[in-house]
Amino acid sequence: MKPQILGMMLALSSLPAAAEEAKDKDECFAPVTPVVSLDYGSRYTDDSVTRSDFDEKANAEVDKALGPVDDFITDLVRESNRALTRKADRATQSADCVLNHLAQWAGAGALGDLQTEAVQISIPSRLSGLAFAYGNALPLASQDAQRKALIEAWFKAQALATMAYFDEKAPPRASANNLRAWAGLAVTRIGLLLQDDAMLSWGEQSFRTVLCDANPDGSLPREMERGPLALHYQIHALGPLVITAALLEQDRQAGLFTACDAALSRGVDFMLAALAEPQRAAQHAGVEQSFSAPQPETLQGHDVAWAAAYLRFADNPELAELAKTFDPLGNSKYGGSQKLLWQQNLPKE
């Protein structure tokens, strides 16, 4: 651990409510042991060329390994959303809860030992959720320069490691498909926190890498290679692409909603058409799809939570109707309540 990080960690060793078990609903949730090392393999069978055939045992092992991280992100994002909807003192209480927990993870060097390819390519989406929770809470938290420096140094290291991995080591498919889109979103969100132009440029380039070779009908070639999960992964890729476009539009009018011959809107239109007529995706993938016309047991609200961000910057009545079906729109990897973040300010308590 770097000396300056260790020093800041020691200075934060007496953090308040975050270090105590919550006694009532207004106190911070209980401490969560930082997850430093992760070591797991692929969810899919070794002979699955399309990476769509799950190995049940391996899939369960991955879920078990990621469970503490995902649960932590869910708690952080929920508290960060509370901060955005509470009155002054209580908003600060919730925001400090988020930052104190993140400071503990940063001081411990959380997510610093990613031992396998499968870990490396799955962590960026979690990093996105962590960065959104921090960004939501930071403006409302009490001023603490050491805490802020500790957390942001950790986020910077995570972003730089993500960029290096996807530029230099990621397998060809992962370096240009939905996994790269998630990496681009994580780096973009951190880049906005740090106002780091190199990170923002990398996030935009990642967006273009994944999206700009979309087929004329809007289908994404690398996702259409995923057999019965092709439509699923089209949707999974659209999420981080849309949120990245929205963040960069909000910050600097990057024009990604119309980039590459309006590839993003074509991708959304293809998704909507294929949900109604799965054969559209099957024609590309060569097999029937796992998603059919929108039904709760197949498509879920978190799958299309990004619709709120899309509709903030582009019209699409059909997408708006789909979003109503799954309202409220929430996804911890995008910062929780999407209406809260993109459409409206909720009443104060």
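The values are calculated or read from the model by the stated rules, or taken from the named source; none is laboratory data. It should be emphasised that the depicted structure is a prediction, and the values quoted were computed from it without experimental measurement. Glycine gets a Cβ as well: all are built from the backbone with ideal geometry, and neighbour counts include every protein chain shown. We work out accessible area using only protein heavy atoms, side chains counted, and drop any ligands, DNA or RNA first. Shrake-Rupley method; radii C 1.70, N 1.55, O 1.52, S 1.80 Å.
Scan region 185-203 residue by residue and report those that are surrounded by fewer than 21 Cβ atoms within 10 Å (Cβ to Cβ) and part of a helix (DSSP H, G or I). Don't jump to the end; show me each part of the working.
Within region 185-203, the subset surrounded by fewer than 21 Cβ atoms within 10 Å (Cβ to Cβ) is 192-198, 201.
Correct list: 192, 193, 194, 197, 198, 201.
Conditions tested, residue by residue: (1) at pLDDT 95 or above; (2) surrounded by fewer than 15 Cβ atoms within 10 Å (Cβ to Cβ); (3) not aliphatic (A, V, I, L, M).
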site	(1), (2), (3)
3	no, yes, yes
9	no, no, no
39	yes, yes, yes
43	no, no, yes
47	no, yes, yes
83	yes, no, no
104	yes, no, yes
108	yes, no, no
116	yes, yes, yes
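With the structure loaded, tell me whether residue 173 is open to solvent by 50 Å² or more (accessible area, probe 1.4 Å) and touching a residue at least 12 places away in the same chain (Cβ under 8 Å) or whether it fails that test. Working first, answer last.
Numbers: open to solvent by 50 Å² or more (accessible area, probe 1.4 Å): yes; touching a residue at least 12 places away in the same chain (Cβ under 8 Å): yes.
Here the answer is yes, as residue 173 does meet what is asked.
With the structure loaded, tell me whether residue 79 is among the acidic types (Asp, Glu), at pLDDT 95 or above, in a helix (DSSP H, G or I) and open to solvent by less than 20 Å² (accessible area, probe 1.4 Å) or whether it fails that test. Step through it out loud before you land on a result.
Numbers: among the acidic types (Asp, Glu): yes; at pLDDT 95 or above: yes; in a helix (DSSP H, G or I): yes; open to solvent by less than 20 Å² (accessible area, probe 1.4 Å): yes.
For residue 79, the condition - among the acidic types (Asp, Glu), at pLDDT 95 or above, in a helix (DSSP H, G or I) and open to solvent by less than 20 Å² (accessible area, probe 1.4 Å) - is met.
Please specify each residue of region 123-147 satisfying the condition of being out of contact with any helix residue (DSSP H, G or I) (no Cβ under 9 Å at 6 or more places or on another chain) and assigned to a helix (DSSP H, G or I). It would help to see each step written out before you state the result.
Going residue by residue through region 123-147, those that are out of contact with any helix residue (DSSP H, G or I) (no Cβ under 9 Å at 6 or more places or on another chain) are 143, 145.
Hit for region 123-147 is 145, nothing else.
Among the residues making up region 124-153, those that are touching a residue at least 60 places away in the same chain (Cβ under 8 Å), closer than 26 Å to residue 302 by Cβ and surrounded by fewer than 23 Cβ atoms within 10 Å (Cβ to Cβ) are 126, 135. Scanning region 46-63 for residues being part of a loop (DSSP other than H, G, I, E, B) and either farther than 18 Å from residue 178 by Cβ or basic (Lys, Arg) (or both) gives a total of 4. So is residue 165 among the hydroxyl-bearing types (Ser, Thr, Tyr), at pLDDT 95 or above and surrounded by fewer than 22 Cβ atoms within 10 Å (Cβ to Cβ) or not? Taking the combined requirement at face value, the residue satisfies it. State all residues of region 312-339 that are crowded, with 20+ Cβ neighbours inside 10 Å and farther than 15 Å from residue 271 by Cα; if no residue qualifies, say none. Those that are crowded, with 20+ Cβ neighbours inside 10 Å and farther than 15 Å from residue 271 by Cα: 329, 330, 331, 332, 333, 334, 335, 336, 337, 338. Quick check: anything in region 231-239 farther than 26 Å from residue 290 by Cβ, at pLDDT 95 or above and out of contact with any Phe, Trp or Tyr (no Cβ under 6 Å at 6 or more places or on another chain)? Taking every residue of region 231-239 in turn, none turns out to be farther than 26 Å from residue 290 by Cβ, at pLDDT 95 or above and out of contact with any Phe, Trp or Tyr (no Cβ under 6 Å at 6 or more places or on another chain). Does residue 62 satisfy being in contact (Cβ under 8 Å) with a residue 60 or more places away in the chain and surrounded by 14 or more Cβ atoms within 10 Å (Cβ to Cβ)? Taking the combined requirement at face value, the residue satisfies it.
Does residue 327 satisfy the condition of being under 19 Å from residue 184 (Cα atoms) and in contact with a helix residue (DSSP H, G or I) (Cβ under 8 Å, 6 or more places away or on another chain)? No. Given the criteria at pLDDT below 95 and open to solvent by less than 30 Å² (accessible area, probe 1.4 Å), does residue 227 qualify? Answer is yes for this residue.
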